[in-house]
Structures are given as structure tokens and as C-alpha cells.
Amino acid sequence: MKKPLIFLLLFVIQFVNSQELALVKKNSKIGYISKDGSFKIEPQYKSAKSFSDGLAAVENGGKWGFIDTKGSWVIPASFENAKDFNSGIAIVQKDKEWVYINTKGEILKAPASEKLFDFNNGVAFIKQANKIGLINSKMAVVLEPKYDQIKPFENGFARVENNKKWGIINASGKELIEPSYDEIGNYFKNTTWARKDKTFGIVSSGNFIAVDGAEKIWDFETQDLTYAKKNGKIGFIDLKGNWVITPIYDKAKAFSKNLAPVCVGSKWGYINPKAEFVIPPTYSDAEVFSSNGLAPIKEKNWGFINETGKLVIPTQYGITSNGFVIALFVQQDKGFIDGLARVKNEGKWGFLKPDGTVVGNQWFENAELFSKTAEKNTPNEVVTEKAKPETKAETKPAKSGSKPATKKKK
């Protein structure tokens, strides 16, 4: 009898942890809805944050604690402030000091660091003598502090800087590309773009391949093409640094679903990898296609088209940044993410299904993205031990930047 009972218990735990909830604000109170639009946790909080690692930071009586997806208190509200959980660890402020805790609320002893950094990809930065290294979730040092900067990890890789030169490491601290470039991009299929002096190129297998005439290169995303600038115009290069689409466009964004938004003059359309216009340039703005085959396009307001260019959701909505980077399929913060799109209509926020219907037929004063109760990938945030949390993940801005390339236009 014991084995079936244990199996059932594990099944229930798995089910709870696989839920997706969204923070919404209604009648000036915060609650959480499930994807069918029903309230999983009724609006009752003045201040709260989205779920991550199955827990959400919630304020109660001026103190912060953590609730589970049933709304039950797992960690009592006893902190002056609290950050999100990631990799099973969160930063909280207790007795005016910032410390790490686990999901049981136990304070963890971390290696000495001039600042505390949020966990991401199973590691967190430590800072000693103005150098940055890495610790893991067991609070063991996996990389002794040796870099001037480490950018937030993206898909298991991070850009690092020493003496104003950039390279790339993995989450184990292994140096994949030695810091020897003036700028460097994200790591995609063992390849990245980089700049040496004034020359832009591709770094592959340790070799730097100059890209003919490139004045700027953007990050590779989900396909083996990325956009680049030459003579003030935008085209596309492959992983070997070859121009495969002639730079003739005024602006462009990343390929997804074999379609890329490009701008000619002031109008946006979509081309395929053969540089053929599949969707003519008729829109005032356009975004990357989501995994469900829909893309946001703008006339006066925003709507959505399918891969043939058919308007499937009328252009009557507002869309905007969602506050954190989504590292699933395309790193974007507009359009459909995990099957739903966050939109604004007449001053209220809600979620659209691919057929254009509104989830739960409800609009809210505010709505954040649905977040899985498992770990979510957010940019690191830095806090000092004696001061309020900062919002930067590195010791100073990096030249290469950390915003997803799909949001940039040139």
C-alpha cells in the first residue's frame, strides 16, 4: 500500500509544480490567475511578485514572506524585503542585512562577497577585490573571482570582461572564448560575433573570421542567420560570416519560423531566407514570429498576423515590455509567449488566446506574464549588504549590452 501512496503523492507534487500562474491586479489588490482565467489565489495582497521556483514573494503587514501556489504561507512574512527565488535560493533583507535563504526559509552561509547577486542558471556572482567569480547553489566557489565583469547568463553562457576585453564562459566557469575582443555577442551553436578594433566578425572554433564590410552585428537567436549592418543598411549573415541576404534594408529583426521583419523606408514586412517578401512591407512596425506562428504587427495599434500575412487578431491593442527576459524559443517580450499574448485595451491589461478571445473574459489594472512555478530565467539583480537592492547585474555597463537582439532596430 505504501508504494502506490508515494507514487500518488509524487504525482500531485509534480502537478502543482507544473502550473502556470500570472500576477494580476484587480480593485487595487494583487492575486494570481491560471491559464483558464480563473483566480487560483484571489486578489488580496497590496504588494506581491510573480511566482518562481513554486513560490511568490508577498508583503504582509510591512514584512515580506513567500506563499505557494495554493496561497499558503511557506516562509512567514518576516523580511524587510525579498527578491525572487531562482535555483532554489532567494535574497532577502533581514535585520537590515541581505542574506541568501533556501525554500525552507533557512539562512545560507555564502562565501565572502562585497555584494550579493541573484542566482541564475544555478550560479551567482561573487565579488572580491573588485573582481567577479561564481558560486553554485551549494554555496561552493566554482570560479574564483578573476573578471572585471560578468554579464547575466543566457542559455548557460555569459560574456566576461577583463581589461576592457571580452570573452565567454559557461556556467561551470570554463573559459570558452578568451577575453580578447572589444565587443562580443551571445554564444549560439559554439559561435558568436565579436569586434576586434574596428573589425566585426564571427568567432568559431577559436578563429576570428572578419565579415566583409560589417559595421555592426546583432546576436544570433533561434536560426543560423542574424542581421548585420553594412554601408548603413541591414542584411543577414550566416554562422560562417557570409552575407546571405544583401544589406538593402533600413531596419531588421531576427529570423523566426523562417521569417524576419524588415523595414523599407518607414514600412515593415517579412522576408524568407531567400530574401523574398512573403508579407509585403505595409506596417508601421512589426515584431518577430512566436513559436505558435503569430507575430505582432502595428498599424495605429497592434494586432497579430499568421505566417501567410493574414490578420487573425485586429489591430486594436497595445503591447509592451513584460519586465523580464523570456529565454524560450525567441528572447522577446512582445507577442505570444507559451500560447498567450499580454495586451492592453482601453487602459486595462489581459491575455489573448491565438483565436483572439480574451482569457477568462477579464481585464485587469495590471497583469504580468504567466510564470511557471519552476525556475524562471530573469536578469540578475545586485544588492549590497547594507544598501537597498540595485538593479544591475554587472559592475558597470558592458559595451556589448545584454538586451535581446530581437528588440533592437537599426
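The values are calculated or read from the model by the stated rules, or taken from the named source; none is laboratory data. Computed from a prediction, not measured in an experiment: that's the story for all the values here. So basically every Cβ, Gly included, is an ideal-geometry build from the backbone, and we count neighbours across all protein chains shown.
The figures follow:
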read-out	value
Residue match in the range 77-85 (condition: in contact with a Gly (Cβ under 6 Å, 6 or more places away or on another chain) and of a type in the set (A, V, I, L, M))	yes
GLY173 vs. criteria over 30 Å from THR69 (Cβ atoms), in a loop (DSSP other than H, G, I, E, B) and of a type in the set (Gly, Ala, Ser)	yes
Residues located in the range 190-243, provided they are closer than 21 Å to GLU276 by Cα, among the charged types (D, E, K, R), surrounded by fewer than 21 Cβ atoms within 10 Å (Cβ to Cβ) and in contact (Cβ under 8 Å) with a residue 60 or more places away in the chain	LYS229
Subset of the range 270-323 that is of a type in the set (Gly, Ala, Ser) and not in a strand (DSSP E or B) - its residue that is farthest from the chain's Cα centre (by Cα)	ALA275
Per-region count, the range 211-228, residues under 25 Å from the mean Cα position of the chain (by Cα) and either aromatic (Phe, Trp, Tyr) or part of a strand (DSSP E or B) (or both)	8
Condition met for GLU161 (in contact with a strand residue (DSSP E or B) (Cβ under 7 Å, 6 or more places away or on another chain), assigned to a strand (DSSP E or B) and without any contact (Cβ under 8 Å) to a residue 12 or more places away in the chain)	no
Filter result for the condition that a residue is closer than 20 Å to LEU369 by Cα and in contact with a strand residue (DSSP E or B) (Cβ under 7 Å, 6 or more places away or on another chain), over ILE41, ILE126	ILE41
Wholly enclosed strands (runs of 3 or more DSSP E) of the range 336-398 bearing at least 2 residues of a type outside the set (S, T, N, Q) and at pLDDT 95 or above	340-345, 348-352
Answer residue from the range 278-292, given it is of a type in the set (Gly, Ala, Ser) and buried (at least 17 other Cβ atoms within 10 Å of the Cβ) and is modelled with the highest pLDDT among those	ALA286
Members of the range 8-34 that are modelled with pLDDT under 95 and not aliphatic (A, V, I, L, M)	PHE11, GLN14, PHE15, ASN17, SER18, GLN19, GLU20
Top-ranked residue of the range 66-113 - restricted to ones that are touching a strand residue (DSSP E or B) at 6+ places or on another chain (Cβ under 6 Å), without any contact (Cβ under 8 Å) to a residue 40 or more places away in the chain and more than 27 Å from GLN44 (Cβ to Cβ), ranked as surrounded by the most Cβ atoms within 10 Å (Cβ to Cβ)	TYR100
Some residue of the range 137-155 being part of a strand (DSSP E or B) and among the small types (Gly, Ala, Ser)	no
Matching residues in the range 190-213 - criterion: being in contact with a Ser or Thr (Cβ under 9 Å, 6 or more places away or on another chain) and on the phi > 0 side of the Ramachandran plot	ASN190, SER205
